[in-house]
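Chemist: Provided herewith is a single structure, encoded as structure tokens, for subsequent inquiry.
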Amino acid sequence: MKFVEVKRHLNKPNETYLCDLVGRGADFVVLKYVSDRDWQVAGQPIPAGTMTFAYYRTAAGSVIWKMVGPQGNLTGYLFHICKELEIQEDRVIYLDLLLDLWFDPTGECTVLDRDELEDCQRKGQVSKNDLAWIFKHERKIVQKFESMVSDLDHLIARLLPTPGSWARKL
């Protein structure tokens with residue numbers, strides 16, 4: 001089943017992506033997106049054909065993307081700090097709060113877009129409450145990274161029991 005991701009922004013137009021629904025529960029969805037182009041995160045190449053498994057949970061404070069390269073190798077995990085996440089019948093909508101955390105396959109963390117957050121703060125585009133939310137969830141992600149990705153990995157394994165099914169299932 002196709003599913004739409006709507007990523008709202010504080011400082012630029014919204015983005016919309018068409019994904020495949022991998023699974024859903026009362027308060028979550030897992031989507032899959034396959035990149036059709038090469039790109040990079042924190043200097044790490046993300047080749048075309050990379051599968052992103054995106055985990056959206058209401059009230060979680062972040063979205064987690066697990067990226068798996070075309071050969072099945074872990075590329076990394078990207079956390080988007082967000083709020084106002086709403087899961088509808090055929091879409092997920094959330095407000096992206098600028099700050100992202102990238103964890104490479106070794107678990108090394110790179111904080112992304114802090115300069116963009118500071119610029120939005122100077123322009124009054126982000127509230128004090130939003131800043132408190134962002135920094136609270138940044139700390140939580142760094143402290144609980146291992147358990148958060150373990151939970152996601154177990155969920156993906158339950159939804160797609162064999163790695164080869166990632167490509168065949170949807």
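Chemist: It is to be established whether one or more residues within segment 138-153 are more than 21 Å from A54 (Cβ to Cβ), in contact with a Gly (Cβ under 9 Å, 6 or more places away or on another chain), touching a residue at least 60 places away in the same chain (Cβ under 8 Å) and assigned to a helix (DSSP H, G or I).
Modeler: Among the residues of segment 138-153, not one is more than 21 Å from A54 (Cβ to Cβ), in contact with a Gly (Cβ under 9 Å, 6 or more places away or on another chain), touching a residue at least 60 places away in the same chain (Cβ under 8 Å) and assigned to a helix (DSSP H, G or I), which makes the answer no.
Chemist: Do we have G49 as modelled with pLDDT under 95, in a loop (DSSP other than H, G, I, E, B) and more than 20 Å from I134 (Cβ to Cβ) here?
Modeler: Taking the combined requirement at face value, the residue does not satisfy it.
Chemist: Which members of segment 55-105 meet the condition of being of a type in the set (D, E, K, R), in a strand (DSSP E or B) and in contact with a Phe, Trp or Tyr (Cβ under 8 Å, 6 or more places away or on another chain)?
Modeler: R57, K66, K83, E84, E86, R91, D100
Chemist: Those residues that are within 19 Å of F103 (Cβ to Cβ) and open to solvent by 20 Å² or more (accessible area, probe 1.4 Å), I need them from segment 113-144; list them, please.
Modeler: Initial filter on segment 113-144 (within 19 Å of F103 (Cβ to Cβ)): 113-114, 117, 134-144.
Result: D113, R114, F135, K136, E138, R139, K140, V142, Q143, K144.
Chemist: Follow-up. Do you know which residues across segment 60-93 are touching a residue at least 24 places away in the same chain (Cβ under 8 Å), open to solvent by 60 Å² or more (accessible area, probe 1.4 Å) and of a type in the set (D, E, K, R)?
Modeler: E84, E86, D90, R91
Yes/no matrix, rows are residues, columns are (1) of a type in the set (D, E, K, R); (2) more than 14 Å from the chain's Cα centre (by Cα):
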position: D96; (1), (2): yes, no
position: D113; (1), (2): yes, yes
position: G124; (1), (2): no, yes
position: K128; (1), (2): yes, yes
position: W133; (1), (2): no, yes
position: H137; (1), (2): no, no
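Chemist: Could you list, in sequence order, the residues of segment 84-100 that are farther than 18 Å from V30 by Cβ and of a type in the set (A, V, I, L, M)?
Modeler: Within segment 84-100, L95, L97, L98, L99 meet the criteria.
Chemist: Against the conditions (1) under 24 Å from Q40 (Cβ atoms); (2) at pLDDT below 95; (3) surrounded by 19 or more Cβ atoms within 10 Å (Cβ to Cβ), where does A167 fall short? Just the number, please.
Modeler: (3)
Chemist: Quick one: in segment 23-41, which of the residues that are in contact (Cβ under 8 Å) with a residue 24 or more places away in the chain and in contact with a Gly (Cβ under 8 Å, 6 or more places away or on another chain) is nearest to D90 (Cα to Cα)?
Modeler: Checking each candidate, the answer is V29.
The values are calculated or read from the model by the stated rules, or taken from the named source; none is laboratory data. Remember, it's a predicted structure, so these values are computed and weren't measured experimentally. Ideal geometry is used to build each Cβ from the backbone, glycine not excepted, and the neighbour counts take in all protein chains shown. Ligands, DNA and RNA are excluded from the accessible area calculation, which covers all protein heavy atoms including side chains. Shrake-Rupley method; radii C 1.70, N 1.55, O 1.52, S 1.80 Å.
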